[in-house]
Amino acid sequence: MKLISLRLHMVELPLVATFTTSFSTQTRRECFLVEGQFSNDTGRTITGWGENVALPQPFYSAEYTAGAADVIRRWLAPALFAADHLTAETVTHQLRHIVGHPMAKAALEMAVLDAQLRLRGQSFAEYLGAVTSTVPSGVSVGIQPTVAETLKTVANYVEQGYARIKLKIKPGYDLEHVAAVRKEFGNQLPFQVDANAAYTLTNAPQLRRLDEYGLLLIEQPLSEHDLRQHAQLAQQMTTPICLDESVESAQGAADAIQLGAAAVINIKPGRVGGYLEARRIHDLARAHGVAVWCGGMLETGVGRAANAALAALPGFTLPGDISGSDRFYAEDIVAAPIRMHDGWVDVPQGPGFGVEVDREQLRRFSTGTVELTP
Ligand code: SMG
Ligand code: MG
């Protein structure tokens, strides 16, 4: 294919409830969708969609929404316009001279993938090698100011039927909340925590106290670059350590596994530069007997649809952060967003990511568009 034009649709969607993590409180989602126009050898034109998952602030990782749009405009888009035979499998290669910016690159790879699969009439799930048509749906619960509010919030998601609860934690908002959730909902509740790098190895004695609550895992307790420290922490506690922020590539995943720093890996396609790298991490982890699950970045319907397909690969043996669209949004920007029923979401089966962007909704939430041509 040849890339004809790119349009970045900057959007702002209100969240149904504020979402607090150890590093920030989000009240709305500011992100952008990438709309790519491509032509194939026979002159057919086709549209493909991608989503940029960077947060507006560089708090989760170095990338941020405006920075991702800027690097696409100045550097990544020109490199793709220059390519004569663009395929999803060669996007990473075309962009390899630009250091970093995995989320910006992933959004572009998505648009190419979606277009390529639509041309072929193939679903993303089939392309990836998905082995199931539904995937278990977990929900990520933000830090609540009081234990009572944590219990109330978790109760609501448990009643809705979510397959797994993940509670965000930080120092001072950890043991007491975890203990209360276990007591209230029992030992059968699939339950895990995510610290978003809020601790250091000196907190090991406190973190170890989490061991008695039968958590599925603790996600990213220490800082992004603390691979060795995560391995040391793993020696000091029985709760499996799962890495999120620390894993930025298949190579990094291999190092983490080798070091004993990751018993489990949270795979987020944006964080690792795209869905193809995400699949490589899946393959690598599976070969090493390391469980993986699909993370979330408060995606709109486009990103969530693609995540559901990824999570249908056989190595995704734990429920992902693939909650229904209504967990964050009263209204989405795709016609039929992901819904959770009885703890499961359906893997889209239509061509490409299998969702249609609703232009009217896109206009409603739009805060501007950036038009890019060769
Ligand atoms: O998309 O359901 C979702 C949110 C999942 O907790 C989630 N994501 O570290 O895993 C994580 C966070 C990153 C985003 S926090 C604003
Ligand atoms: Mg995380």
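The values are calculated or read from the model by the stated rules, or taken from the named source; none is laboratory data. All figures in this text were calculated on a predicted structure; none of them were measured in a lab. Methodologically, a virtual Cβ is constructed for each residue, glycine included, from the backbone with ideal geometry; neighbour enumeration extends over all protein chains shown.
Every residue, every condition in (1) within 16 Å of ligand 1 (Cβ to nearest atom); (2) not hydroxyl-bearing (S, T, Y), yes or no:
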| position | (1), (2) |
| --- | --- |
| N266 | yes, yes |
| G270 | yes, yes |
| R280 | no, yes |
| L284 | no, yes |
| G295 | yes, yes |
| V302 | yes, yes |
| A305 | yes, yes |
| I322 | yes, yes |
| S325 | yes, no |
Filter pass, G142 being within 16 Å of ligand 2 (Cβ to nearest atom) and touching a strand residue (DSSP E or B) at 6+ places or on another chain (Cβ under 8 Å): yes
Residues being in contact with a Phe, Trp or Tyr (Cβ under 9 Å, 6 or more places away or on another chain) and farther than 21 Å from G296 by Cβ - total across the stretch 156-173: 1
Lone unmet requirement of (1) of a type in the set (A, V, I, L, M); (2) over 30 Å from T150 (Cα atoms); (3) not in a strand (DSSP E or B) for L3: (3)
Residue pairs meeting the criteria (Cβ under 6 Å; at least 6 apart or on separate chains; first at pLDDT 95 or above, in the stretch 59-83; second of a type in the set (S, T, Y) and assigned to a loop (DSSP other than H, G, I, E, B)): F59/S24
Flag for G354 being farther than 16 Å from F32 by Cα and either within 13 Å of ligand 1 (Cβ to nearest atom) or assigned to a loop (DSSP other than H, G, I, E, B) (or both): yes
Whichever residue in the stretch 173-223 is charged (D, E, K, R) and crowded, with 16+ Cβ neighbours inside 10 Å and, among such residues, is nearest to Q160 (Cα to Cα): R182
R327 vs. criteria surrounded by fewer than 21 Cβ atoms within 10 Å (Cβ to Cβ) and under 16 Å from L15 (Cα atoms): no
Leading residue by the ranking (nearest to ligand 1 (Cβ to nearest atom)) among those in the stretch 122-154 that are closer than 19 Å to E176 by Cβ and in a loop (DSSP other than H, G, I, E, B): G142
Boolean, T90 is in a helix (DSSP H, G or I), of a type in the set (S, T, N, Q), touching a helix residue (DSSP H, G or I) at 6+ places or on another chain (Cβ under 6 Å) and without any contact (Cβ under 8 Å) to a residue 60 or more places away in the chain: no
Residue in the stretch 244-254 that is within 16 Å of ligand 2 (Cβ to nearest atom), over 26 Å from F32 (Cα atoms) and either crowded, with 23+ Cβ neighbours inside 10 Å or among the aliphatic types (A, V, I, L, M) (or both) present: yes
Some residue of the stretch 93-107 being touching a strand residue (DSSP E or B) at 6+ places or on another chain (Cβ under 6 Å), surrounded by fewer than 23 Cβ atoms within 10 Å (Cβ to Cβ) and β-branched (V, I, T): no
Tabulated pairs, the stretch 95-107, first under 7 Å from G274 (Cα atoms) and free of Cβ contacts under 8 Å to residues at least 40 places away in the same chain, second of a type in the set (G, A, S) and surrounded by fewer than 21 Cβ atoms within 10 Å (Cβ to Cβ), C-beta under 9 angstrom, 6+ apart or interchain: none
Flag if F38 is out of contact with any helix residue (DSSP H, G or I) (no Cβ under 9 Å at 6 or more places or on another chain), buried (at least 18 other Cβ atoms within 10 Å of the Cβ), on the phi < 0 side of the Ramachandran plot and outside the structural domain of I169 (by TED's automatic domain parsing): no
Test set (1) in contact with a His (Cβ under 7 Å, 6 or more places away or on another chain); (2) within 13 Å of ligand 2 (Cβ to nearest atom) - N266 fails condition number: (1)
Y157 being within 15 Å of ligand 2 (Cβ to nearest atom) and hydroxyl-bearing (S, T, Y): no
Of all residues making up the stretch 286-303, the number that are within 16 Å of ligand 2 (Cβ to nearest atom) and either of a type outside the set (F, W, Y) or out of contact with any Cys (no Cβ under 9 Å at 6 or more places or on another chain) (or both): 9
